[in-house]
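**Q** If you scroll down you'll find the structure; I have some questions about it.
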Amino acid sequence: MIPAPFDYVRADSYDAAAAALGEHGDEAKLLAGGQSLLPLMKLRLATPAVVVDVSRARDLAYVRDDGGVLAIGALTRHCDVARSADVTAHAPLLAHAAGSVGDPQVRHRGTVGGSVAHADPSADIPTALLALGASYVVRGPGGTREVSAADFSTGFLETVLAPDELLVEIRVPSARGEAWGYEKFTRRAIDWATVAVAVQKRGGETSVALANMGSTVLRAAATEAALASGAGAADAAAHADEGTEPAADVTASAEFRRHLARVLTKRALVAAGR
Ligand SMILES: Cc1cc2nc3c(=O)[nH]c(=O)nc-3n(C[C@H](O)[C@H](O)[C@H](O)COP(=O)(O)OP(=O)(O)OC[C@H]3O[C@@H](n4cnc5c(N)ncnc54)[C@H](O)[C@@H]3O)c2cc1C
């Protein structure tokens, strides 16, 4: 449970972090809240030669109403997202999901950008952001690009981020006044989701995102298609596990996860008024 030796660099701004990544390349890992990286390092599943501590980079910690789009700095902590008046007004689904991450200690250290970049398929934040149709602003030596939440994670703990790129901002189109639902099943109160479902209505469309039903967070495409053709919540939710490949592990069998996906999707759709 002791990490392999590493060098420590403190970077208190985007520029300092970019310079450190430029110098150390794929030998380096960013440390944001440390709530996922440090456990991996202690298990020696991650052995970076250099840890670049960006936890005090305040230029990347903010919530702004950017004219119909909510702009959230990558280093904004879960607790600040959960209690932000702007997030509550424009994306209440995200505020709720942030408030359901782990326990208060985790929410006061962990960051939304760290959760997105870590790309754990059971994480609450990326699931809510997928349903909300968010996009992620990525910056590196080659410039800045914006990647949709749907295209960001490429596999279990894998993303499109290059080793010298930072996730700098999360952009969420405002869903002010729109209905939503979030259902998370856990064995114990503060656990990661065995399965979670995020539902976001926007105009006549309904997005449904699933946590822990595959190697990435994913959309319940068959449920969305059924809703678009006029199905009610129960009928649409019956398709929630179609096209998914949930894992079997100590918390649940794959079949139980499929069952949870259907049940939780129905509940989340009902909560969203479908
Ligand atoms: C006990 C416990 C319970 C938890 N329960 C939950 C839960 O119920 N739901 C849930 O969703 N999460 C849960 N988490 C995880 C938590 O949400 C973490 O905060 C999150 O996964 C990672 O965020 P972080 O800021 O701590 O990132 P870190 O651990 O610092 O970093 C994670 C990874 O992302 C990279 N990274 C971080 N920031 C950036 C960036 N801006 N640009 C590029 N790469 C970056 C790092 O290099 C690292 O590879 C739990 C964690 C713990 C310890």
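The values are calculated or read from the model by the stated rules, or taken from the named source; none is laboratory data. Values in this document were obtained by computation on a predicted structure and should not be read as measured data. We place every Cβ from the backbone using ideal geometry, glycine too, and count neighbours over all the protein chains shown. Ligands, DNA and RNA are stripped out before the accessible areas are found, and what is left, the full protein with its side chains, is counted by its heavy atoms. Shrake-Rupley method; radii C 1.70, N 1.55, O 1.52, S 1.80 Å.
**Q** For the chain, how many pairs of lysine residues have a Cα-Cα distance under 19 Å, where the two are 8 or more positions apart or belong to different chains?
**A** 4
**Q** Any idea what the relative contact order of the chain is, in percent, if you count C-alpha pairs under 8 Å spaced at least 6 apart? Intermediate values should be presented prior to the final figure.
**A** Working: 630 pairs, mean separation 42.3, N = 274.
It rounds to 15 percent for the chain.
**Q** Still on this model: With n ≥ 4 as the cut-off for DSSP H runs, can you work out [θ] at 222 nm for the chain, using -39500 (n - 2.57) per run divided by the number of residues, rounded to the nearest 500?
**A** Working: 12 runs with 92 residues, N = 274.
Computed ellipticity for the chain at 222 nm equals -9000 deg cm²/dmol.
**Q** Given a 1.4 Å probe, how much area per residue of the range 187-245 is accessible, in Å²?
**A** Numbers: 2610 Å² over 59 residues.
Dividing the accessible area of the range 187-245 by its residue count gives 44 Å².
**Q** Considering the options GLY204, ALA162, PRO173, tell which one lies farthest towards the positive end of the dipole of the chain, charges being +1 on Lys and Arg and -1 on Asp and Glu at the Cβ, about the Cα centre.
**A** The listed residue farthest towards the positive side: GLY204.
**Q** May I pose another question? Below 11 angstrom from the Cβ of PRO246, what's the summed charge of the other residues (Lys, Arg +1; Asp, Glu -1)?
**A** Overall, the nearby charge balance is -2.
**Q** Another one. Around VAL199, what is the net charge, scoring Lys/Arg as +1 and Asp/Glu as -1 over all other residues with Cβ under 13 Å from its Cβ? Provide the component values of the computation, followed by the final result.
**A** Numbers: positive: LYS184, LYS201, ARG202, ARG219, LYS266, ARG267, ARG274; negative: GLU178, GLU183, GLU205, GLU224.
Spelling it out: positives minus negatives among the neighbours equals +3.
**Q** Using only the alpha-carbon atoms, how far is helix 254-271 inclined from the longest principal axis of the chain? Give it as 0 to 90 degrees, nearest 10.
**A** Tilt of helix 254-271: around 70 degrees.
**Q** I'd like the orientation of helix 14-24 relative to the chain: the angle between its Cα long axis and the longest Cα principal axis, in ° from 0 to 90, rounded to 10.
**A** 70 degrees
**Q** Quick one: 3J(HN,Hα) in Hz for the range 57-63, Karplus 6.51/-1.76/1.60 with θ = phi - 60°, rounded, Gly and Pro as x.
**A** The phi angles translate into 6, 5, 5, 10, 10, 6, 10 Hz.
**Q** What does the charge count near THR216 come to, summing +1 for each Lys or Arg and -1 for each Asp or Glu among other residues with Cβ under 11 Å from its Cβ?
**A** -3
**Q** With just the Cα atoms defining each centre, how far is the range 98-173 from the range 207-239? Give it in Å.
**A** About 21 Å separates the Cα centre of the range 98-173 from the one of the range 207-239.
**Q** Can you give me the C-alpha center-to-center distance between the range 20-39 and the range 241-271, rounded to a whole angstrom?
**A** Comparing the Cα centres of the range 20-39 and the range 241-271, I get a distance of 33 Å.
**Q** Pop out the carbon and sulfur fraction of the accessible area of the range 58-173 as a percent, whole number, probe 1.4 Å. Walk me through the numbers on the way to the answer.
**A** Numbers: 2120 of 4220 Å².
Summing carbon and sulfur atoms, their accessible area is 50 percent of the total for the range 58-173.
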